[in-house]
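What follows is one structure encoded as structure tokens, with my remarks underneath.
Every number in this text was worked out from the coordinates using simple rules, so none of it is lab data. None of the values given here were measured: they were computed from a predicted structure. Quick reminder, even Gly has a Cβ in these numbers, built from the backbone with ideal geometry, and neighbours come from all protein chains shown.
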Amino acid sequence: MPLKNHKEGLKAARLLMVLSGMSPLFVLWAIKGSKLLADRYLFSLCVVIVIVPNFVLWLRIRVATQRRDQREIVVGKAEDHRDHLLVYLFAMLLPFYPIDTTTWRDLAALLTALGFIVFLFWHLNLHYMNIWYAVRRYRVYAVLPIEDGNKVSGRASLVLITRRPAILAGESITAYRVSDTVYLEAPE
């Protein structure tokens, strides 16, 4: 039974991971432009919003690697979450790209809607959704712990980012901690 009151740490890292996952949207906006904002301002803003969160994500992975911030994960059950990429695309990219910001009110509505999406992805722990993982041929799995009757550890599910095509029950995998519930498999 998964933990219901599990607290996710690294809040700033999670928020930046959500923004990192939204990078394609900001790239599209930089290309599309806006009638309200001069191209140089919009382009500069989009570049910053793409680079900073992705740099922080890369830095978090690098720090975890250097500090050997690892965990041995024993798989009880693994569920492939490639279908979440479709949710990501429909929830984030498709609705926002075609919106034309011809008035300040349009822009305010767009930014408010974007804020709601960021909050939902952050609050629902979907911060692992990132198109760059797919580009680098990673797969995302929800890993449930083995049922060993332990009331303290191994009760919360976690997300494992790996290049493995499949994960079998009972496998033991060493992974770096990206956040409290997101792990990146360590290379062998």
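Couple of notes before you dig in:
- Pairwise label distance in nanometres, A109 with A156, each label 7 Å out on the Cα-Cβ vector: 3.8 nm
- Cβ-Cβ FRET estimate between A186 and T102, R0 fixed at 41 Å, reported to 0.05: 0.25
- Short to long, the 5 Å bins of the Cα pair-distance histogram for the stretch 33-76 hold 5, 18, 13, 13, 12, 10, 8, 7, 6, 5, 2 percent of all pairs.
- Extension gain for the segment S172 to D80, taken as residue separation times 0.36 nm less the Cα-Cα distance, is 31.4 nm to one decimal.
- When peptides 32-43, 67-78, 118-129 are sorted by average Cβ neighbour count within 10 Å, with the highest value leading, the order is 118-129, 67-78, 32-43.
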